[in-house]
Every structure is written in C-alpha cells, then in structure tokens.
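**Student:** Sending over a structure as structure tokens; questions will come in a sec.
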Amino acid sequence: MFDNSIKAYTQACEVIPGGVDSPVRAFKSVGGTPPFITKGKGAYIYDVDDNKYLDFVQSWGPLIFGHCDSDVEEAVIKTVKNGLSFGAPTELETQLAQEIVDMYDYIDKVRFVSSGTEATMSAIRLARGVTQKNDILKFEGCYHGHSDSLLVQAGSGLATFGTPSSPGVPADLTKHTLVCEYNNIENLKKCFEDSNDIACIIIEPIAGNMGLVPATEEFLSACRELCDKNGALLIYDEVMTGFRVSLTGASGIVAAKPDIITFGKVIGAGMPVGAFASSCEIMNYLSPDGAVYQAGTLSGNPVAMTAGLTNLRKLKANPNVYTELNNKALRLVNGLKEVASANNIPLQVNTRGSMFGFFFCEEQPFNIKQVAKCDFDRFAKFHHEMLKKGFYFACSQYEAGFISTVMTNDDIDECISAASEVMKSL
Ligand SMILES: *Cc1c(COP(=O)(O)O)cnc(C)c1O
C-alpha cells in the first residue's frame, strides 16, 4: 500500500539529503517510509498510492481550518493574480500587523519574516540590542528553530552554559546560551546566579516540541520575575501556539506576560511566514528606526500576508472555534486513554486548545528527561499501525498533534475505534 511512496522516497534520496527538506519528515524515529503527499482536502490528505489519511499534523500546525479552506484559497488566488512579490511595501502587511496589534494590550508593532527560525533569531538579536547584554537562556526540550545559538544541549554536570547540539555550530557561538531544565525554578535561579549578562529568556510557554508539555504558571511567573529583577526580556516563542491554543495564543491564557512574542505557522495559514512583535519602546530599536539590523527580501510577501490575514480574520470572526476545537481534542485524547487502559497500556494525555499530546508512560511528564523515558517502541508501532488504517499522526512522540475545525466528531470516533484495534497488538 506504500509502493509508490517507497519509489518516490528512493528517488528523492538520490538528490535530496535523506530525501527530505526537514529531517522529521523522514520518519527516522518511527521507521518506515514517509508517504509522499499529492493533495489535501478538508481534514484529509492523500498520498501517491491513493491512500487517504485523517491529518493530525496539518503541516505541523498552520492549517487550523484544514486543507484548502475556501476563504484562504480564494484570497490567495486573487492576490497571486496581481503579482507574487515586489520587495516594496504593500498595505497587506499593515493590515495583518494591525490585526495582531489589536489583539494584545502590550503589543504595538510587528515585523514579518519568512519562518519561525528567522522570527526567534531576530527576536533574540533585538533583545540583545535593547539590553546590551550577550547571554540568552533557553530550556531543554524547547525548540526555537535551527539558528546557531539555539542548537545547544545542556552542558555536563551542573554547568548551565550549553554546548553545540550539531556539528557545524562552533562552541564559541553557543557559549552565550544558558540551558536550563523546563519547569525547574531552582535551576532557573541558578542560571541567573551564573550570569549577570542575560539579555533574554526564550521559552515555549506551552511546549509543543517535546510532545505537549505546558509550563506551570509558577514557572512562567518565576521567568517573568527573574527577567524584571535582572533587566532581561522575556520572549514567548509562540510559533506553534500562536492563534492555536487561543486567539491570543499561550500569552492569552497564562498569567505572566512576555515582552516579545514570536509567531509562525498559523500566522501564514500554510505559507512561509513568521513574525516577532513587541511594544513600541522595544520595536523602535529595529532598523530602519533603530540600530538593530534585521531584513528579508521576501519578508511580508503579499501572497503569504493574504493567507495569514484571511486565517486570522476568520479566527477573530469565530471566537467559539477554540472551545469547539478543545472539545474535539479532549474527545480524542480521552478516547485514546480509555482504549489504552482497556488494554493495560499506560497513556498520559494533554490538550491546550486545538493542540494535543499523548505519551506512552506511567506519569505525566513535565520536562524532556521525563518525556525521554516514554515507550518509544510502542509509539512507533502505534504510529505505523494507525498510518496503515488511515490516520496520520506526527511521526515522533516529541511532536504535538493538531485538531482542525473541519475535523468532525465522527472522524475522531473512527480514529478511537481504529486505535482500540491497534492497542490490542501493542
Ligand atoms: C516550528 C517552530 C519553530 C521553527 O519554525 P520554522 O518555520 O520551522 O523555522 C520555532 N519555534 C517553535 C516553537 C516551533 O514550533
């Protein structure tokens, strides 16, 4: 049933490293061949073997209204006919920025870029420029894109300064990155004792890159307090959670508010868009107003802006979607937990808005070390068997899942009954 995908993958591997343009797509952590996708429609995607899948990945988050949403599609086609790019200002950028600024009390200005990686990289440069400090603090298990200073792992022992997690990143570039355990306030305090040169904390306030692991309110408040006390800025990386877990993302549902927010994914509705946003005071440091340099030839691309604008306006016009999405997410994970426990399989579940996560382990994980103790073999089997039954889950236990508005309760119930069969063989 995967013959054509296997062929396509073999051909891809000859001309593209690992056959993919982003490593997670290669299915390395679950094994097997990734299906090569031909099209999406609503809640479903189709592959080169004409298999149909209920899609819980949604391009890793952007497609909150599902594939080929007619409003986004129409707006994009209309814009395309006027030209793909100008490298000059368009009113679409102002309109999208205005939509975002209107949502938050503490956000006055937005700068658009073309990916989440660019958004976090630029936000960090801005924080360093504003504070005139050099170090940054990140948390194990949080992913902020692949820029050099963020590809770090915790140092050995008690060291809080990170070491490169990839060849090609000089240690000189990561020596300014401190790495701390997620949800560990003591460890966080130690970082601020180890360095008086911290420009910013960058955090996924609801982590979606170690499965779904929310930070506790106490932890985020400690981040806020320590930043204020030490003249550092707090960056919420909401590339995944922005407009996903609520209209105003994680920032909207937790008590501690950030200084800078980074966006991606939903903000582009599937087109390559990222953004970072903050108060006037902070954003005015950016060039051309200020001295902190940041630029992009295709930034604010009109087609991408149109897609994002349509997505956000539609979300704003339908404030009830988040409750509906969360109800469906709960229906899914509670159903999965039930069929797991019927087969004596321990399963931990979590949801935030339209995001969900599940872990094959005994206790709810709060950090990456605990996630790493989950049963990855069992997850791989589950993933593969569900794929064969037409359910497309993220191909790693370290990834979150997504519900779209076009997914029905019947879709979800079918998934649960398929899972019930699969769990018997795990
Ligand atoms: C996806 C993601 C990124 C990176 O975005 P890209 O568009 O892949 O560069 C950064 N931060 C978070 C939280 C993400 O989920």
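The values are calculated or read from the model by the stated rules, or taken from the named source; none is laboratory data. Given the structure is predicted, the values throughout are model-derived calculations rather than measurements. Virtual Cβ from ideal backbone geometry, glycine too; neighbours counted across all protein chains shown. Surface accessibility is based on the protein's heavy atoms, side chains included, excluding ligands, DNA and RNA. Shrake-Rupley method; radii C 1.70, N 1.55, O 1.52, S 1.80 Å.
**Student:** Using +1 at the C-beta of Lys and Arg and -1 at the C-beta of Asp and Glu, which of Ala418, Gln153, Val130 has the Cα lying farthest in the positive direction of the dipole of the chain?
**Tutor:** Ala418
**Student:** Karplus couplings for region 129-142 from phi (6.51 cos²θ - 1.76 cosθ + 1.60, θ = phi - 60°), rounded to Hz, Gly and Pro as x?
**Tutor:** Values per residue, Gly and Pro as x: x, 5, 8, 6, 10, 10, 7, 10, 10, 10, 10, 4, x, 7 Hz.
**Student:** What is the magnitude of the charge dipole of the chain about its Cα centre, with +1 placed on the Cβ of each Lys and Arg, -1 on the Cβ of each Asp and Glu, and no other charges, expressed in debye to the nearest 20?
**Tutor:** 300
**Student:** Also: State the answer as a single residue: which of Pro302, Ala277, Ala232 lies farthest towards the positive end of the charge dipole of region 70-317, with beta carbon charges of +1 for Lys and Arg and -1 for Asp and Glu, about the Cα centre.
**Tutor:** Ranked along the dipole, the leading option is Pro302.
**Student:** Measure up Lys7/Lys28; Lys328/Lys369; Lys138/Lys175 against 24 Å on the Cα-Cα distance and list the ones that go over. Present the calculation step by step, with values, prior to reporting the outcome.
**Tutor:** Details: Lys7/Lys28 17 Å; Lys328/Lys369 29 Å; Lys138/Lys175 12 Å.
Table pairs above 24 Å Cα-Cα are Lys328/Lys369.
**Student:** With each run of n ≥ 4 DSSP H residues scored as -39500 (n - 2.57), what mean residue ellipticity at 222 nm is computed for the chain after dividing by its residue count and rounding to the nearest 500 deg cm²/dmol?
**Tutor:** Calculated mean residue ellipticity at 222 nm is -11500 deg cm²/dmol.
**Student:** Order the following by accessible area, largest value first: Glu99, Glu186. Probe radius 1.4 Å; ligands, DNA and RNA are ignored.
**Tutor:** On the way: Glu99 30, Glu186 125 Å².
Largest accessible area first, the residues go Glu186, Glu99.
**Student:** Then there is this: Of Thr262, Thr94, which has the most accessible area with a 1.4 Å probe, and how do the rest follow in descending order?
**Tutor:** Highest to lowest solvent-accessible surface, that is Thr94, Thr262.
**Student:** Label point 7 Å out from Asp3 along Cα-to-Cβ: which residues of region 18-42 have amide N under 19 Å?
**Tutor:** Hits in region 18-42 for Asp3 at 19 Å: 33-38.
**Student:** When the solvent-accessible surface of protein heavy atoms is calculated with a 1.4 angstrom probe, in what order do Lys109, Lys373, Lys39 fall, highest first?
**Tutor:** From most exposed to least exposed: Lys373, Lys39, Lys109.
**Student:** Okay, moving on. Under 19 Å Cα to Cα from Lys316, which aspartates and glutamates show up? Leave out anything in the same chain fewer than 8 places away.
**Tutor:** Asp69, Asp71, Glu73, Glu74, Glu93, Glu99, Asp102, Asp105, Asp108, Glu238, Glu324
**Student:** From the Cα gyration tensor of region 350-398, with a ≥ b ≥ c the square roots of its eigenvalues, which class applies: rounded if a/c is under 1.5, or else prolate if a/b is larger than b/c, or else oblate?
**Tutor:** oblate
**Student:** Moving to a separate point now. Work out how much length Gln132 to Ala295 would gain on full extension: take 0.36 nm times their residue separation and subtract the Cα-Cα distance, in nm to one decimal. Walk me through the intermediate numbers first.
**Tutor:** Values: separation 163, 0.36 × 163 = 58.68 nm, distance 2.03 nm.
56.7 nm is the gain from fully extending Gln132 to Ala295.
**Student:** Figure the gain on full extension for Glu91 and Glu414 (residue separation times 0.36 nm, minus the Cα-Cα span) and round it to one decimal in nm.
**Tutor:** Between Glu91 and Glu414, full extension yields 111.8 nm more.
**Student:** In addition: When the Karplus curve 6.51 cos²θ - 1.76 cosθ + 1.60 is applied with θ = phi - 60°, which whole-Hz ³J(HN,Hα) does each residue of region 80-90 get, with x for Gly and Pro?
**Tutor:** Each residue of region 80-90 in turn: 4, 5, 9, x, 7, 6, 10, x, 9, x, 10 Hz.
**Student:** Skip the ligands, DNA and RNA, and give the accessible area per residue of the chain with a 1.4 Å probe, whole Å².
**Tutor:** 42
**Student:** I would also like to ask the following. Report, ordered by chain and residue number, the lysines lying within cross-link reach of Lys229, taken as a straight Cα distance under 16 Å and ignoring same-chain residues fewer than 8 apart.
**Tutor:** Lys133, Lys189, Lys190, Lys257
**Student:** What is the extension gain from Asn320 to Ala372, computed as 0.36 nm multiplied by their sequence separation minus the C-alpha to C-alpha distance, in nm to one decimal?
**Tutor:** Fully extending the segment from Asn320 to Ala372 adds 15.2 nm.
**Student:** Additional query: Run through the DSSP bridge list for region 70-317 and note the antiparallel percent, rounded to the nearest 5.
**Tutor:** DSSP beta bridges in region 70-317 are roughly 45 percent antiparallel.
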